[in-house]
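There's a structure below that I have some questions on.
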Amino acid sequence: MQDSALRVLIVDQNLLRAAILEDGLREAGYRDLIVVRDMQNLLRRILDEEPDVILIDLENPNRDVLEQMFQVSRVVRKPVAMFVDRSDRGSIAAAIDAGVGAYVVDGLRKERVQAIVETTISRFTAFEKLRTELQETRQQLADRKTVDRAKGIIMKQRGVGEEEAYELLRKTAMASNLRISQVAQSVITAAELLK
Amino acid sequence: MSTDSRVELTVGFMPLLDCALLVVAHEVGIARQQGLSLRLVRETSWANIRDRLAVGHFDAAHMLAPMVIAQNLGAGLFDTPLLAPVALGTGGNAITVSRELWKAMRDSGAMIGAEPLVQARALADVIARRNAAGQSALTLAMVFPFSCHNYQLRDWLQSAGIDPDRDVRLVVLPPPLLVDALRSGQVDGFCVGEPWNSLAVDAGFGVIPVVCSDLWPRPPEKVLGMRAQLAEENAETVAALIRCIQAASLWAADAGNHQDLAKLLSQPRYVGAPARLLHSALVGEIRVDAQEPPIRRPEFICFGPDDIVHDERHARFLLDHMRRAGQVPAIPASSSK
């Protein structure tokens, strides 16, 4: 890879996402990667490392710290431009959609960083998907616990079997246009009230 | 268009006291009366606000007035002209220094509530003493390069002959990190909007030598930014939005609503700071030192109908500061002045 020499600095407080991105860039052949987690003296760190490309997650308030670099070029040896080519709206918009900001050293040609930006976008999107899936799994697990507790209450109160208790929950949910977990929660709440 | 359908607008904001008019418009039912439905989205950086406005995630946003000018001069990420149909209030900034720096300034003549020039001269004296002792330059922070905070800090320093680019280190730090940076000694002072000055004072390790309304009376501060194209194509919506902010401004300027406003803004989804601190700032009772009684500055932050109207002089004034800070090239004298 002709561009493995590019030095890429990743600013991300989310360790998992930073690792996923680092992996992706390594796979794409980039070797000179720096991950910054310590948010103190970020500007100093960047000036010392002299990266060619800086990637920062958009949840990070430190993004505004980077903005200063374009104003105080006297301090920075290599002035950093916001993006390779400001006319390239498509890929900038895609990066922002994915939740990442990319900053590139002035004078670096667009083709040289295109692959980095594309990898970053796809890894950020993959991470977001992972995060959503994790949330859904957690929700499902919590729902299942709620339904199990409600089933137990119904079995005890009505003296029915597990299947019948579940069927009762399911029918009630359908009839009242609610999710089973919502009905189950109502059963638990009611049982606690009547304790 | 059906009469009952409201125009939905996604509006980005930063968790600061001066997002007040947007919150009022949404929460007090004003937007609904104007046929609008506002979805307020809290952001973490000014750069995000600017870029998400440009790519269309936001229809409008709470912005630093100089940001809009900078964007139109080509200093943004996108070549997307912005427009600010209405301002969101005036003032609200202050300069806070560490208690250690304040002690040194007091030894050089600074006093609680004294005019900015007295405080600046004291700071100049402290800097001279530090230089003579071979100590490192003081580090002062502000929140964004294109901000009134930056220009107010620079004006204040320059008033006593302090060169903001040589005699001190000026850095950008996001507000949520400022208080910690002051405590840990990473910065010696900062210029920021509320509630961050009051939070530093309340925690006991910050002192406010200058409230910015003493520096620039009723200064421009935040505006409502929109993409120029969207604004031009939806003149009716823009007009409704302006009426909305006008009505919110009447509500917010009414002293009888200040308690409610402070409570509203204190919620975590808006500013997330103690209501008592927000209220003190709203009424202009500024506690500049935790060990002293508050000072009175009724025009510290203003949301009245006069404070949301653009003034061409404001734009010129800001442009002039941008030029003096070396952010834009010198501007030829305009014949229309």
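The values are calculated or read from the model by the stated rules, or taken from the named source; none is laboratory data. None of these values were measured; they are calculated from a predicted model. Cβ sites come from the backbone with ideal geometry, for glycine too, and all protein chains shown count toward neighbours.
I need a count of the residues in region B:24-69 that are over 26 Å from B:Leu282 (Cα atoms), more than 11 Å from every other protein chain (Cβ to nearest Cβ) and β-branched (Val, Ile, Thr).
1
Follow-up. Return the pairs, sorted by first residue and then second, in which the second residue is outside any helix (DSSP H, G or I), the first residue lies in region B:5-32 and is of a type in the set (Phe, Trp, Tyr), the beta carbons are less than 9 Å apart, and the residues are 6+ apart or on different chains.
B:Phe13/B:Leu40; B:Phe13/B:Val41; B:Phe13/B:Arg42; B:Phe13/B:Glu43; B:Phe13/B:Ala61; B:Phe13/B:His62; B:Phe13/B:Tyr270
Taking into account only those residues within region A:69-96 that are closer than 28 Å to B:Arg324 by Cα and at the interface with chain B (Cβ under 7 Å from one of its Cβ atoms), which is modelled with the highest pLDDT?
Among them, the one singled out is A:Gln71.
Now for a separate question. Taking region B:70-95 only, how many residues are within 14 Å of chain A (Cβ to nearest Cβ) and of a type outside the set (S, T, N, Q)?
9
Are there any pairs, at least 6 apart or on different chains, whose C-beta atoms fall under 7 Å, with the first in region B:157-181 and within 13 Å of chain A (Cβ to nearest Cβ) and the second charged (D, E, K, R), and if so, which?
Correct list of pairs: B:Pro164/B:Arg154; B:Val172/A:Asp64; B:Val172/A:Glu67; B:Pro174/A:Asp64.
Can I ask one more? Go through (1) over 16 Å from the mean Cα position of the chain (by Cα); (2) more than 28 Å from A:Leu47 (Cβ to Cβ) for B:Ala200 and report which single condition fails.
All conditions are met except number (2).
Residue by residue through region B:122-148, note down the ones that are within 27 Å of B:Met14 (Cβ to Cβ) and out of contact with any helix residue (DSSP H, G or I) (no Cβ under 8 Å at 6 or more places or on another chain). Can you show your working first?
The initial filter retains those residues of region B:122-148 that are within 27 Å of B:Met14 (Cβ to Cβ), namely B:138-148.
Within region B:122-148, just B:Thr139 meets the criteria.
Considering each of B:Arg154, B:Arg166, B:Arg218 in turn, give the residue that is closer than 28 Å to B:Glu292 by Cβ and at pLDDT below 95.
Sole residue among the options that is closer than 28 Å to B:Glu292 by Cβ and at pLDDT below 95: B:Arg218.
Can you name every residue in region A:49-65 that is part of a helix (DSSP H, G or I) and touching a residue at least 12 places away in the same chain (Cβ under 8 Å)?
Answer for region A:49-65, where residues must be part of a helix (DSSP H, G or I) and touching a residue at least 12 places away in the same chain (Cβ under 8 Å): A:Glu49, A:Arg63, A:Val65.
Let's see how each residue does on (1) modelled with pLDDT under 90; (2) in a loop (DSSP other than H, G, I, E, B); (3) away from chain B (no Cβ under 14 Å):
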residue	(1), (2), (3)
A:Glu22	no, no, yes
A:Ile34	no, no, yes
A:Asp38	yes, yes, no
A:Leu43	yes, no, no
A:Leu47	yes, no, no
A:Glu67	yes, no, no
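Still on this model: Which ranges mark the helices (runs of 4 or more DSSP H) fully within region B:23-94 that have 2 or more residues being of a type outside the set (Phe, Trp, Tyr), surrounded by 24 or more Cβ atoms within 10 Å (Cβ to Cβ) and on the phi < 0 side of the Ramachandran plot?
In region B:23-94, the matching helices (runs of 4 or more DSSP H) lie at B:46-55, B:65-72.
Hey, another quick one. Give me the residue from region A:97-119 that is assigned to a helix (DSSP H, G or I) and of a type outside the set (A, V, I, L, M, F, W, C) and, out of that set, farthest from A:Leu47 (Cα to Cα).
Applying the filter and picking the extreme gives A:Asp97.
Out of the residues in region B:24-76 that are of a type outside the set (S, T, N, Q) and touching an Asp or Glu at 6+ places or on another chain (Cβ under 6 Å), which is farthest from B:Ile308 (Cα to Cα)?
B:Ala47
Report whether or not B:Ser198 is in contact with a Phe, Trp or Tyr (Cβ under 6 Å, 6 or more places away or on another chain) and either crowded, with 24+ Cβ neighbours inside 10 Å or not in a helix (DSSP H, G or I) (or both). Steps first, answer last, please.
Numbers: in contact with a Phe, Trp or Tyr (Cβ under 6 Å, 6 or more places away or on another chain): no; either crowded, with 24+ Cβ neighbours inside 10 Å or not in a helix (DSSP H, G or I) (or both): yes.
Taking the combined requirement at face value, the residue does not satisfy it.
Here are B:Gly272, B:Gly284: which of them is within 14 Å of another protein chain (Cβ to nearest Cβ) and at positive phi?
Criteria check complete, one pass: B:Gly272.
Tell me yes or no: at least one residue of region B:314-334 is surrounded by 15 or more Cβ atoms within 10 Å (Cβ to Cβ) and touching a Ser or Thr at 6+ places or on another chain (Cβ under 7 Å).
Checked region B:314-334: no residue is surrounded by 15 or more Cβ atoms within 10 Å (Cβ to Cβ) and touching a Ser or Thr at 6+ places or on another chain (Cβ under 7 Å).
For region B:142-156, which positions are assigned to a helix (DSSP H, G or I) and either within 11 Å of chain A (Cβ to nearest Cβ) or not hydrophobic (A, V, I, L, M, F, W, C) (or both)?
B:His149, B:Asn150, B:Tyr151, B:Gln152, B:Arg154, B:Asp155
Moving on. Taking interchain pairs and intrachain pairs at least six residues apart, which have beta carbon atoms under 7 angstrom, with the first residue in region A:21-40 and without any contact (Cβ under 8 Å) to a residue 24 or more places away in the chain and the second in a loop (DSSP other than H, G, I, E, B) and surrounded by 16 or more Cβ atoms within 10 Å (Cβ to Cβ)?
Close Cβ pairs (under 7 Å, with a partner that is in a loop (DSSP other than H, G, I, E, B) and surrounded by 16 or more Cβ atoms within 10 Å (Cβ to Cβ)) amount to A:Gln40/B:Gln186.
A further question follows. Determine if region B:108-130 includes at least one residue that is within 14 Å of chain A (Cβ to nearest Cβ), surrounded by fewer than 24 Cβ atoms within 10 Å (Cβ to Cβ), in contact (Cβ under 8 Å) with a residue 40 or more places away in the chain and more than 22 Å from B:Pro220 (Cβ to Cβ).
Here is the first cut: in region B:108-130, the ones within 14 Å of chain A (Cβ to nearest Cβ) are none.
No, because not a single residue in region B:108-130 is within 14 Å of chain A (Cβ to nearest Cβ), surrounded by fewer than 24 Cβ atoms within 10 Å (Cβ to Cβ), in contact (Cβ under 8 Å) with a residue 40 or more places away in the chain and more than 22 Å from B:Pro220 (Cβ to Cβ).
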